[in-house]
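J.: Take this structure, written in structure tokens, and hold onto it; I'll ask about it next.
The values are calculated or read from the model by the stated rules, or taken from the named source; none is laboratory data. Note that this is a predicted model, so its numbers are computed, not measured. Ideal geometry is used to build each Cβ from the backbone, glycine not excepted, and the neighbour counts take in all protein chains shown. We work out accessible area using only protein heavy atoms, side chains counted, and drop any ligands, DNA or RNA first. Shrake-Rupley method; radii C 1.70, N 1.55, O 1.52, S 1.80 Å.
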Protein chains: 2
Amino acid sequence: MSRIILAVDPYGDISVDEITKRIDIVKKYIAGVKIGLPLLVRFGMPGVKKIIDVAKDTEHVILDFKLADIAPVMISTIEPFIGTGANEVIAHAFIGLDGALKEFKEYIDEQGLKLILVASMSHPGSTDIMDHVLDKIINVVDKLEPYGIVVPATRPHIIQYVKKKLLSRNIDVKIYSPGIGVQGAKPGSALRAGADYEIIGRSILYSPNPLEAASRIAHIHDEPVSLR
Amino acid sequence: MSRIILAVDPYGDISVDEITKRIDIVKKYIAGVKIGLPLLVRFGMPGVKKIIDVAKDTEHVILDFKLADIAPVMISTIEPFIGTGANEVIAHAFIGLDGALKEFKEYIDEQGLKLILVASMSHPGSTDIMDHVLDKIINVVDKLEPYGIVVPATRPHIIQYVKKKLLSRNIDVKIYSPGIGVQGAKPGSALRAGADYEIIGRSILYSPNPLEAASRIAHIHDEPVSLR
């Protein structure tokens with residue numbers, strides 16, 4: 001069972017067909033793909049649908065627009081993707097419940113999609129404000145019961161802290177961890193700290209040999225936790 | 001000088017051409033338009049460009065994707081809009097500086113675009129987390145010196161609080177205020193509390209008579225502050 005979520009962000013002048021080709025090549029090693037705004041703005045809905053089509057038989061087809069708006073805007077943003085095969089959506093926990101995440105969660109529950117909430121981020125600036133209110137963010141997670149949360153591999157102590165809090169409060173969510181590779185964290189390090197999935201983009205998709213890169217990371221993930 | 005920013009979100013099965021027609025009708029009464037993700041996902045870049053083209057001779061052509069990601073992702077999201085005529089971009093202050101807003105601000109400064117940071121939001125859930133860290137958010141605004149900030153009309157005491165803080169620290173930013181109309185605040189109420197612009201969408205764009213609605217609100221805005 002793979003623990004790799006492939007972030008499919010376009011770099012340079014790569015075409016959407018080249019990206020789908022590379023996804024297809026590494027598919028047996030990945031648990032899913034994560035599609036962001038850079039891809040949407042470049043290739044539009046037709047481009048996003050091409051990515052979804054090639055990724056559809058993986059478990060997680062994630063729309064990562066880092067939604068952080070009032071409920072009607074978030075619902076209206078996701079509506080056109082209903083029925084495309086995308087099955088998970090990322091939004092920010094910090095925007096709070098009433099008028100935002102509460103109604104949005106009700107909507108995507110009805111549509112059979114799963115919600116993933118950003119709890120903390122991979123860049124240093126996440127410590128300016130977000131990490132000061134991590135306990136409040138965990139309260140939002142506790143109340144909303146999303147399917148998963150995002151916690152960065154670049155600060156493994158945050159993964160450990162969140163994991164401990166989740167366990168002590170019996171909150172059952174998957175932990176998705178970005179920041180592996182180009183952003184500095186080593187493959188396997190987030191799983192070791194308690195994450196369920198590592199979100200990896202450039203170091204697979206833009207490797208000279210994506211298949212080899214994906215297979216190498218999958219094998220690191222297969223090692224016993226103590227060795228990763 | 002108009003204080004109306006027209007939020008151009010699609011509702012129902014309205015076409016992008018119908019939206020541009022309505023913008024054109026109310027143009028003499030508005031200071032600018034605000035384009036969000038619902039429009040982008042429905043009509044793609046060609047649709048966004050149609051909106052920008054009709055709005056280009058207003059002062060503010062705002063991309064409101066509520067950006068809240070690491071710097072490379074936010075930059076890559078905005079890159080395709082450089083040169084289209086869009087001249088302002090909204091991002092969340094919450095995400096912090098290093099690795100996010102700092103590098104993003106440098107990029108959009110170079111490109112001649114202006115940054116607007118969300119300080120507080122119009123829905124009740126904004127009080128769950130965001131409003132607890134309003135002072136930290138104002139610190140981010142102070143350090144980054146964006147062109148504007150977003151503060152909601154639905155909680156005018158927040159506008160007053162932020163305005164006072166800005167004045168006492170000599171921070172010169174425009175205040176954009178959403179939440180007028182359908183969300184509950186009365187036209188003129190945010191200006192009276194200290195805002196520079198009121199962001200108004202449905203109550204103009206989806207009025208049976210958009211011209212009459214825009215003109216009515218513009219006249220309220222023209223009244224002396226004490227009467228609004």
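J.: Just the residues that are open to solvent by 10 Å² or more (accessible area, probe 1.4 Å) and either in contact with a Phe, Trp or Tyr (Cβ under 6 Å, 6 or more places away or on another chain) or of a type in the set (Ser, Thr, Tyr) (or both), please, taken from the stretch A:99-127.
T.: Correct list: A:TYR107, A:LYS114, A:SER122, A:THR127.
J.: Quick check: anything in the stretch A:61-71 within 12 Å of another protein chain (Cβ to nearest Cβ), assigned to a helix (DSSP H, G or I) and free of Cβ contacts under 8 Å to residues at least 60 places away in the same chain?
T.: There is at least one residue in the stretch A:61-71 that is within 12 Å of another protein chain (Cβ to nearest Cβ), assigned to a helix (DSSP H, G or I) and free of Cβ contacts under 8 Å to residues at least 60 places away in the same chain.
J.: Could I ask something else about it? Please find, within the stretch B:190-214, the residue that is nearest to the other protein chains (Cβ to nearest Cβ) out of those that are small (Gly, Ala, Ser) and within 21 Å of B:ASP9 (Cβ to Cβ).
T.: The residue in question is B:GLY201.
J.: For the stretch B:151-170, name all the residues that are open to solvent by less than 10 Å² (accessible area, probe 1.4 Å) and out of contact with any Gly (no Cβ under 6 Å at 6 or more places or on another chain).
T.: B:VAL151, B:VAL162, B:LEU166
J.: Please count how many residues of the stretch A:114-128 are without any contact (Cβ under 8 Å) to a residue 12 or more places away in the chain and in a loop (DSSP other than H, G, I, E, B).
T.: Of the residues in the stretch A:114-128, 1 are without any contact (Cβ under 8 Å) to a residue 12 or more places away in the chain and in a loop (DSSP other than H, G, I, E, B).
J.: How many residues does the stretch B:5-55 contain that are in contact (Cβ under 8 Å) with a residue 40 or more places away in the chain and open to solvent by 70 Å² or more (accessible area, probe 1.4 Å)?
T.: 2
J.: Another question, if that's okay. Looking at the structure I just gave you, is A:MET74 surrounded by 23 or more Cβ atoms within 10 Å (Cβ to Cβ), in contact with a helix residue (DSSP H, G or I) (Cβ under 6 Å, 6 or more places away or on another chain) and of a type in the set (A, V, I, L, M, F, W, C)? If you could, list the steps in order and put the result at the bottom.
T.: Working: surrounded by 23 or more Cβ atoms within 10 Å (Cβ to Cβ): yes; in contact with a helix residue (DSSP H, G or I) (Cβ under 6 Å, 6 or more places away or on another chain): yes; of a type in the set (A, V, I, L, M, F, W, C): yes.
Judged against the criteria, A:MET74 is a match.
J.: List, please: which pairs have Cβ atoms under 7 Å, are six or more places apart or on different chains, and start with a residue in the stretch A:76-96 that is more than 10 Å from every other protein chain (Cβ to nearest Cβ) and end with one that is at pLDDT below 95 and surrounded by fewer than 24 Cβ atoms within 10 Å (Cβ to Cβ)?
T.: Within 7 Å, the pairs are A:GLY85/A:LYS56.
J.: On to the next question. For the condition touching an Asp or Glu at 6+ places or on another chain (Cβ under 9 Å), modelled with pLDDT of 95 or more and assigned to a loop (DSSP other than H, G, I, E, B), what is the one hit in B:ALA195, B:ALA153, B:ALA190?
T.: B:ALA153
A quick yes/no check of all residues on (1) over 20 Å from the mean Cα position of the chain (by Cα); (2) at pLDDT 95 or above; (3) within 30 Å of A:HIS132 (Cβ to Cβ); (4) crowded, with 21+ Cβ neighbours inside 10 Å:
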| position | (1), (2), (3), (4) |
| --- | --- |
| A:ARG3 | no, yes, yes, yes |
| A:ASP57 | no, no, no, no |
| A:ILE62 | no, yes, yes, yes |
| A:ASP69 | no, yes, yes, yes |
| A:LEU97 | yes, yes, yes, yes |
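J.: Determine, yes or no, whether A:VAL173 is more than 14 Å from every other protein chain (Cβ to nearest Cβ), over 20 Å from A:ILE35 (Cα atoms) and either open to solvent by 10 Å² or more (accessible area, probe 1.4 Å) or in contact with a strand residue (DSSP E or B) (Cβ under 6 Å, 6 or more places away or on another chain) (or both).
T.: The answer is yes for A:VAL173.
Here is a yes/no grid of residues against (1) within 22 Å of B:PHE65 (Cβ to Cβ); (2) assigned to a helix (DSSP H, G or I):
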residue: A:ALA86; (1), (2): yes, no
residue: A:GLU103; (1), (2): yes, yes
residue: A:ILE108; (1), (2): yes, yes
residue: A:GLY112; (1), (2): no, no
residue: A:ASP131; (1), (2): no, yes
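J.: What are the pairs with Cβ atoms under 7 angstrom where one residue, in the stretch B:205-228, is part of a helix (DSSP H, G or I) and acidic (Asp, Glu) and the other, located anywhere, is at pLDDT below 95 and surrounded by 12 or more Cβ atoms within 10 Å (Cβ to Cβ)? Sequence gap at least six, or different chains.
T.: Note: no pairs meet the criteria.
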